[in-house]
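Visitor: The structure's right below; bear with me while I get my questions together.
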Amino acid sequence: MISAILAIFLLSVYFLLRRKLWSGHKSLRPLPTPPGARFFYGHYGRLGTMPHETFTRWKEELGSDIYSIKMGQSNWVILNSDKAIGELIQKRGAIYSSRHDSELIFRILSRGKSLGSSPYNDHFRKLRAIVANFLSVQKIKYFFPIIDKCTRELLKDLLSVSYKESKIQQRAQESSKKPEPLGIFPRSYLRRTTMNITMKIVFGKEISGIDDPLFNRIDKLVTRGVKLVNITDRSMDFFPILKYCPYLRQKKEAYAIRDEIDSIYGDVLEEIKNDRNKKPCFVRDLWERREKEKFDEHDIIHLSNNLIFAGTDTVSSSIVWLIAVLANNPQIQIEAYQELDRVVGRTRLPNYSDSSTLPYTRSIIREGQRYCPPTFAAVPHYIEQDDEYMGYHIPKDSFVIINNHATSFDPTRHPNPYVFDPKRWLDVNLTSAALANGPQEKRDHFSFGGGRRICVGINLAECELFIILSRLLWAFEIENASPLGTDNKPVPIDLSKATVELTIWPMEYHVKFVPRGDW
């Protein structure tokens with residue numbers, strides 16, 4: 001009898017509290033939502049192969065820079081303007097900086113150790129502070145020798161490929177045979193370069209080439225990883241009941257990838273622990289501080305994996321996109337050559353110290369981050385309490401998405417947004433990192449995310465992007481090697497098609513790297 005009375009009392013309290021809480025939101029409007037949601041599934045399966053374009057189309061159809069969709073049982077809030085991003089992600093960072101405590105991505109894949117997928121808590125803040133200090137703008141200069149060596153190797157690799165292809169063509173012509181197709185898809189070379197830079201910084205270890213077994217293992221690991229963490233295909237997050245299914249494909253893949261992470265980076269960690277020369281690197285520093293910071297081996301392994309994962313894919317994807325754009329726009333290359341030859345000359349390679357005197361080259365990179373960034377919808381933020389914006393109720397436990405595509409192609413921010421035009425940035429002298437810390441309405445792009453979750457490696461990424469692209473343009477003419485069209489010119493590379501996972505890659509294309517004189 002007493003238990004029944006207690007149960008009735010508790011239920012009464014629950015409904016009174018629920019009614020009181022709801023009454024506070026009655027004056028607020030629910031967020032607009034696009035049509036097409038299905039029972040139980042919501043908008044899951046309705047985003048298409050280019051989700052960012054769907055998000056932008058819904059923004060235009062709804063006439064709102066903020067709206068919500070249902071992905072299974074999860075509520076997503078899509079932010080489509082610099083104003084909304086600035087107000088929520090930046091100014092209200094205290095409540096918009098968390099991540100969903102994902103069973104698949106955080107608990108299984110990283111054993112609850114990941115920096116990138118961690119909820120906003122003391123553990124996250126400690127890891128973030130360590131990495132931010134290591135990759136601060138003051139310390140980037142110590143990585144210049146690594147970046148210099150790796151980019152020189154990239155130029156040699158591309159020169160070797162171009163020379164080899166030229167010989168193939170010459171032999172074919174001499175023997176009256178049809179020439180073999182010229183040109184390469186440079187993705188592997190760029191990934192090897194960015195991976196090598198990150199591996200040297202994190203582990204003090206080098207990748208010898210694209211045939212290096214370690215490169216191939218990590219390359220496959222990164223490829224599997226970005227596919228698994230694709231934000232629009234996390235069925236266990238959308239339908240939590242699935243976490244109880246032992247045979248779910250995504251769950252099995254998460255365990256398999258985790259085992260590979262432990263195997264690859266565990267072996268490298270052992271090498272560092274046993275290195276009598278104590279070669280300096282990020283992981284050695286972590287290992288020596290493990291007792292003070294209360295780290296175990298899995299903390300070090302998964303933090304290292306985060307850095308390799310992010311450092312390999314985003315910068316290389318950005319450059320692979322830019323190479324395709326430049327192959328389609330030889331006039332932009334000519335203007336860059338003129339600037340490089342005038343400022344740098346032909347007796348040395350460009351360095352990061354040249355960036356302030358190469359505004360056009362710098363603007364090509366900035367325009368690339370707007371026009372064809374490595375991601376249009378980065379890892380979702382997560383809000384754990386109710387909030388209000390512009391009279392709308394933002395429910396707690398919502399995923400919050402920055403739709404970089406909408407801001408990048410907003411004609412009020414960027415006139416003629418579908419035209420690749422570096423000159424729009426010639427008067428912008430601040431770095432993207434500096435602009436990210438100011439008013440969001442004045443940001444150049446949102447490719448590095450925003451707020452307290454902005455990419456912790458933004459300073460290193462900007463440095464790599466400048467050195468890689470400026471040296472490619474200094475060393476080569478980039479020619480489109482697509483088949484000839486009816487006008488007897490190479491068919492332009494199709495930039496409208498892409499492989500969309502966590503990062504976005506252009507579909508395979510072919511270009512030829514023609515040396516600009518002797519070097």
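The values are calculated or read from the model by the stated rules, or taken from the named source; none is laboratory data. The shown structure was predicted, so the numbers you read here are calculated from the model rather than taken from an experiment. Cβ atoms come from the backbone with ideal geometry, glycine included; neighbour counts cover every protein chain shown.
Visitor: Filter the range 192-209 down to the residues that are at pLDDT 95 or above and of a type in the set (A, V, I, L, M) and list them by number.
Guide: Scanning the range 192-209 gives Met195, Ile197, Met199, Ile201, Val202.
Visitor: So, one more: Taking the conditions exactly as written (touching a Leu at 6+ places or on another chain (Cβ under 6 Å), farther than 28 Å from Ser74 by Cα and of a type outside the set (Asp, Glu)), does Val202 satisfy them or not?
Guide: yes
Visitor: Find the residue count for the range 390-416, including only residues that are surrounded by fewer than 17 Cβ atoms within 10 Å (Cβ to Cβ) and of a type outside the set (D, E, K, R).
Guide: Residues in the range 390-416 being surrounded by fewer than 17 Cβ atoms within 10 Å (Cβ to Cβ) and of a type outside the set (D, E, K, R): 7 in total.
Visitor: Can you tell me which residue in the range 385-422 is nearest to Asn75 (Cα to Cα), limited to those that are among the charged types (D, E, K, R) and in contact with a helix residue (DSSP H, G or I) (Cβ under 7 Å, 6 or more places away or on another chain)?
Guide: Asp387
Visitor: While we're looking at this one, here's another question. Restricting attention to the range 378-396, does a residue exist that is of a type in the set (Val, Ile, Thr) and closer than 21 Å to Ser64 by Cβ?
Guide: yes
Visitor: Do you know which residues across the range 201-214 are buried (at least 20 other Cβ atoms within 10 Å of the Cβ) and in contact (Cβ under 8 Å) with a residue 24 or more places away in the chain?
Guide: Ile201, Val202, Phe203, Gly204
Visitor: Output the qualifying pairs, or none if there are none: Cβ atoms under 8 angstrom, residues six or more apart or on different chains, first residue in the range 153-170 and within 20 Å of Leu473 (Cβ to Cβ) and in a helix (DSSP H, G or I), second residue of a type in the set (S, T, N, Q) and modelled with pLDDT of 55 or more.
Guide: So the pair list comes out as Glu153/Thr193; Glu153/Asn196; Leu154/Thr193.
Visitor: Still on this structure: Just checking, how many residues over the range 344-358 are within 16 Å of Leu426 (Cα to Cα) and surrounded by fewer than 18 Cβ atoms within 10 Å (Cβ to Cβ)?
Guide: 2
Visitor: Tally the residues that are in contact with a Phe, Trp or Tyr (Cβ under 8 Å, 6 or more places away or on another chain) and either surrounded by fewer than 18 Cβ atoms within 10 Å (Cβ to Cβ) or at positive phi (or both), restricting the search to the range 424-435.
Guide: 2
Visitor: Quickly run through the range 102-156 and pick out the residues that are of a type in the set (S, T, N, Q) and within 26 Å of Tyr244 (Cβ to Cβ).
Guide: Ser102, Ser110, Ser114, Ser117, Ser118, Asn121
Visitor: If you scan the range 228-253, which residues turn out to be in a helix (DSSP H, G or I) and surrounded by 15 or more Cβ atoms within 10 Å (Cβ to Cβ)?
Guide: Correct list: Leu228, Ser235, Met236, Asp237, Phe238, Leu242, Lys243, Gln250, Lys251, Glu253.
Visitor: Would you check which residues across the range 90-139 are hydroxyl-bearing (Ser, Thr, Tyr) and surrounded by fewer than 16 Cβ atoms within 10 Å (Cβ to Cβ) and list them?
Guide: Ser136
Visitor: Of all residues in the range 48-64 being of a type outside the set (Ser, Thr, Tyr) and buried (at least 20 other Cβ atoms within 10 Å of the Cβ), which is nearest to Glu388 (Cα to Cα)?
Guide: Among them, the one singled out is Lys59.
Quick grid of which residues meet (1) outside any loop (DSSP other than H, G, I, E, B); (2) within 30 Å of Phe124 (Cα to Cα); (3) among the acidic types (Asp, Glu); (4) under 25 Å from the mean Cα position of the chain (by Cα):
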residue: Asp299; (1), (2), (3), (4): yes, yes, yes, yes
residue: His302; (1), (2), (3), (4): yes, yes, no, yes
residue: Leu307; (1), (2), (3), (4): yes, yes, no, yes
residue: Ala324; (1), (2), (3), (4): yes, no, no, yes
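Visitor: Condition check: over 23 Å from Glu441 (Cα atoms) and not in a helix (DSSP H, G or I). Does Asn133 satisfy that?
Guide: Against the criterion (over 23 Å from Glu441 (Cα atoms) and not in a helix (DSSP H, G or I)), Asn133 does not qualify.
Visitor: Right, Asp212: modelled with pLDDT under 95 and farther than 23 Å from Tyr41 by Cα or not?
Guide: yes
Visitor: Pull up the range 437-464, narrow it to residues that are of a type in the set (A, V, I, L, M) and surrounded by 23 or more Cβ atoms within 10 Å (Cβ to Cβ), then point me to the one that is farthest from the chain's Cα centre (by Cα).
Guide: In this case the residue turns out to be Leu460.
Visitor: Still on this structure, I have one more. Within the range 224-276, which residues are under 22 Å from the mean Cα position of the chain (by Cα) and of a type in the set (Gly, Ala, Ser)?
Guide: Gly225, Ser235, Ala254, listed by residue number.
Visitor: Can you find a residue that is at pLDDT 95 or above, surrounded by 20 or more Cβ atoms within 10 Å (Cβ to Cβ) and under 23 Å from Leu242 (Cα atoms) anywhere in the range 31-40?
Guide: Checking the range 31-40: not a single residue is at pLDDT 95 or above, surrounded by 20 or more Cβ atoms within 10 Å (Cβ to Cβ) and under 23 Å from Leu242 (Cα atoms).
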